[in-house]
1. Exactly one condition in (1) among the aliphatic types (A, V, I, L, M); (2) touching a residue at least 24 places away in the same chain (Cβ under 8 Å); (3) closer than 27 Å to B:GLN3 by Cβ; (4) surrounded by fewer than 18 Cβ atoms within 10 Å (Cβ to Cβ) is false for A:LEU76; which is it?
2. Are any residues in segment A:49-65 among the charged types (D, E, K, R) and either in a loop (DSSP other than H, G, I, E, B) or away from chain B (no Cβ under 14 Å) (or both), and if so, which ones?
3. For segment B:76-91, indicate whether the set of residues that are of a type in the set (Phe, Trp, Tyr) and within 11 Å of chain A (Cβ to nearest Cβ) is non-empty.
4. Can you name the residue in segment B:83-109 that is farther than 12 Å from B:GLY29 by Cβ and among the small types (Gly, Ala, Ser) and is also surrounded by the fewest Cβ atoms within 10 Å (Cβ to Cβ) among such residues?
5. Of the residues in segment B:2-49, how many are on the phi > 0 side of the Ramachandran plot and exposed (fewer than 15 other Cβ atoms within 10 Å of the Cβ)?
6. Can you pull out every residue in segment B:5-32 that is modelled with pLDDT of 95 or more and among the aliphatic types (A, V, I, L, M)?
7. Mind checking whether some residue in segment A:38-50 is touching a residue at least 24 places away in the same chain (Cβ under 8 Å) and loosely packed, with under 12 Cβ neighbours inside 10 Å?
8. Could you please find all residues in segment B:51-78 being surrounded by 20 or more Cβ atoms within 10 Å (Cβ to Cβ) and either modelled with pLDDT under 95 or not β-branched (Val, Ile, Thr) (or both)?
Amino acid sequence: NAGVTQTPKFQVLKTGQSMTLQCAQDMNHNSMYWYRQDPGMGLRLIYYSASEGTTDKGEVPNGYNVSRLNKREFSLRLESAAPSQTSVYFCASSEQDRGRVGSSYNEQFFGPGTRLTVL
Amino acid sequence: EDQVTQSPEALRLQEGESSSLNCSYTVSGLRGLFWYRQDPGKGPEFLFTLYSAGEEKEKERLKATLTKKESFLHITAPKPEDSATYLCAVLGGTYKYIFGTGTRLKVLA
């Protein structure tokens, strides 16, 4: 069980370049999330996918697009990178069955992160 | 609006010196309060979920408690390996997780 994997681990882009961050989970979870983490700001939700085939905006979606390719994979795309998008990006997944509230369904599991610098 | 505030921002303890971290929250329709540990350069690691006021969870030297307005993470007789950033998050009726900015804990040998 690899859990949540992310690629790449590090990336440097020039302003205006595009790239896709990849995320995959092998826990058969329904929900997947993309966060960015900046000093002093905490983790902020960019986009999430409650289930295969659905995506919704989070707190800071501008400048990003997502694709829930299948139940395992959730990618984040920067179409035209800006220096303000320099950050550490984390993907997460959870079982989160909205029909049930219980002790294990809402726990999130995080990947190791992608450190992105936009020059 | 759902909100999470953690205090203190940073905490330095001597090995064996017990203390508590605070997480104050406002949320409509609490579906869970979560504690995570994050080591430098790594993703957050899940520690505890609490669902209702009065609930307590324990794991080794850590104990998490929950009231209607706040949660505490108590660290008993900490060791240097407990040094990390501890994050608190809530999940409310919007099904979106809201994170605090964390408490950076340093335990000195």
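The values are calculated or read from the model by the stated rules, or taken from the named source; none is laboratory data. What you are looking at is a predicted structure, and each value in this text was computed from that prediction instead of being measured. Positions of Cβ are generated from backbone atoms using ideal geometry, with glycine treated the same way; all protein chains shown enter the neighbour counts.
1. (4)
2. Step one: filter segment A:49-65 for residues among the charged types (D, E, K, R), giving A:52, A:56-57, A:59.
Across segment A:49-65, the qualifying residues are A:GLU52, A:GLU59.
3. Of the residues in segment B:76-91, the ones of a type in the set (Phe, Trp, Tyr) are B:86.
If we keep only those that are within 11 Å of chain A (Cβ to nearest Cβ) as well, we get none.
For segment B:76-91, residues of a type in the set (Phe, Trp, Tyr) and within 11 Å of chain A (Cβ to nearest Cβ): absent.
4. Of everything passing the filter in segment B:83-109, B:ALA109 is surrounded by the fewest Cβ atoms within 10 Å (Cβ to Cβ).
5. We begin by selecting, within segment B:2-49, every residue on the phi > 0 side of the Ramachandran plot; these are B:16, B:29, B:32, B:41.
Right, trim to exposed (fewer than 15 other Cβ atoms within 10 Å of the Cβ) and you get B:16, B:29, B:41.
Number of matching residues: 3.
6. B:ALA10, B:LEU11, B:LEU13, B:LEU21
7. Restricting attention to segment A:38-50, the residues satisfying the condition of being touching a residue at least 24 places away in the same chain (Cβ under 8 Å) are A:38, A:43, A:46-47, A:49-50.
Going one step further and asking which of them are loosely packed, with under 12 Cβ neighbours inside 10 Å, we end up with none.
No, segment A:38-50 has no match at all.
8. Step one: filter segment B:51-78 for residues surrounded by 20 or more Cβ atoms within 10 Å (Cβ to Cβ), giving B:64, B:66, B:71, B:73, B:75, B:78.
Listed by number, the residues that qualify are B:ALA64, B:LEU66, B:SER71, B:LEU73, B:PRO78.
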